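Engineer: I'd like to ask some things about the structure below.
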Amino acid sequence: MKPFIASLYALFLFAMISGIVVAYRNAEGLVENDYYRKQDQWFKAKTGERALELEIRAPESLSPGTSELTFCITEHGKPLRHANVQLFVGGVQKSTPDFTSPMRETKPGIYAATASLPSKGKWLVRIDLATPQLNTSRSWFYDVR
């Protein structure tokens with residue numbers, strides 16, 4: 001019984017040391033640079049969103065091909081005007097190219113851009129919103145069928 005326990009102990013020790021060596025050699029994905037500063041900025045942005053009562057209505061669904069994506073953005077219940085809004089679309093499941101485009105204000109508070117979704121699957125849609133009072137982003141995941 002003692003040799004069995006000793007061999008389990010040696011196997012466990014080997015696995016732990018191997019894990020530490022692999023983590024040390026591939027450390028670039030394990031540590032986020034300036035983590036606390038970035039999180040502080042994120043919390044400030046979310047606090048600013050709540051103070052402005054920011055509301056963003058995204059499209060209900062997306063379909064493959066080229067389509068117009070329209071977002072309705074309001075603050076304090078009124079249309080948000082003259083904001084700098086960028087659209088980002090990226091495939092999650094496949095190695096499809098990402099797409100970034102500035103959005104144009106078609107009506108007060110209505111921002112639109114044309115995006116191409118070349119295939120079905122899971123897609124990430126993010127808008128980056130910048131105004132003099134706020135700099136934030138919102139993301140949605142869509143299952144394109």
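Engineer: Got at least one residue in the stretch 105-115 being in a loop (DSSP other than H, G, I, E, B) and of a type outside the set (A, V, I, L, M)?
Structural biologist: So far as the stretch 105-115 goes, yes, one or more of its residues are in a loop (DSSP other than H, G, I, E, B) and of a type outside the set (A, V, I, L, M).
Engineer: Could you count how many residues in the stretch 91-111 are under 19 Å from ARG57 (Cα atoms) and either modelled with pLDDT under 90 or in contact with a Lys or Arg (Cβ under 6 Å, 6 or more places away or on another chain) (or both)?
Structural biologist: Going through the stretch 91-111 one residue at a time, the tally reaches 1.
Engineer: Quick check: anything in the stretch 68-82 of a type in the set (Val, Ile, Thr), part of a strand (DSSP E or B) and farther than 23 Å from ARG50 by Cα?
Structural biologist: No - not one qualifying residue is present in the stretch 68-82.
Engineer: Return the pairs, sorted by first residue and then second, in which the second residue is hydroxyl-bearing (Ser, Thr, Tyr) and surrounded by 13 or more Cβ atoms within 10 Å (Cβ to Cβ), the first residue lies in the stretch 107-135 and is under 18 Å from ARG50 (Cα atoms), the beta carbons are less than 6 Å apart, and the residues are 6+ apart or on different chains.
Structural biologist: GLY109/THR74; ASP128/SER137; LEU129/THR136
Engineer: For the stretch 80-133, name all the residues that are within 14 Å of THR70 (Cα to Cα) and hydroxyl-bearing (Ser, Thr, Tyr).
Structural biologist: Those that are within 14 Å of THR70 (Cα to Cα) and hydroxyl-bearing (Ser, Thr, Tyr): SER101, THR106, TYR111, THR114, SER116.
Engineer: Pull up the stretch 42-67, narrow it to residues that are in a strand (DSSP E or B) and touching a Phe, Trp or Tyr at 6+ places or on another chain (Cβ under 7 Å), then point me to the one that is surrounded by the most Cβ atoms within 10 Å (Cβ to Cβ).
Structural biologist: That would be ILE56.
This table checks each residue for (1) in contact with a Leu (Cβ under 8 Å, 6 or more places away or on another chain); (2) assigned by TED's automatic domain parsing to the domain that holds LYS120; (3) in a helix (DSSP H, G or I).
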position: ALA10; (1), (2), (3): no, no, yes
position: MET16; (1), (2), (3): no, no, yes
position: VAL21; (1), (2), (3): no, no, yes
position: TYR24; (1), (2), (3): no, no, yes
position: ASP40; (1), (2), (3): no, no, yes
position: VAL89; (1), (2), (3): yes, yes, no
position: PRO97; (1), (2), (3): no, yes, no
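The values are calculated or read from the model by the stated rules, or taken from the named source; none is laboratory data. Worth saying up front: this structure is predicted, and the values here are computed from it rather than measured. Cβ sites come from the backbone with ideal geometry, for glycine too, and all protein chains shown count toward neighbours.
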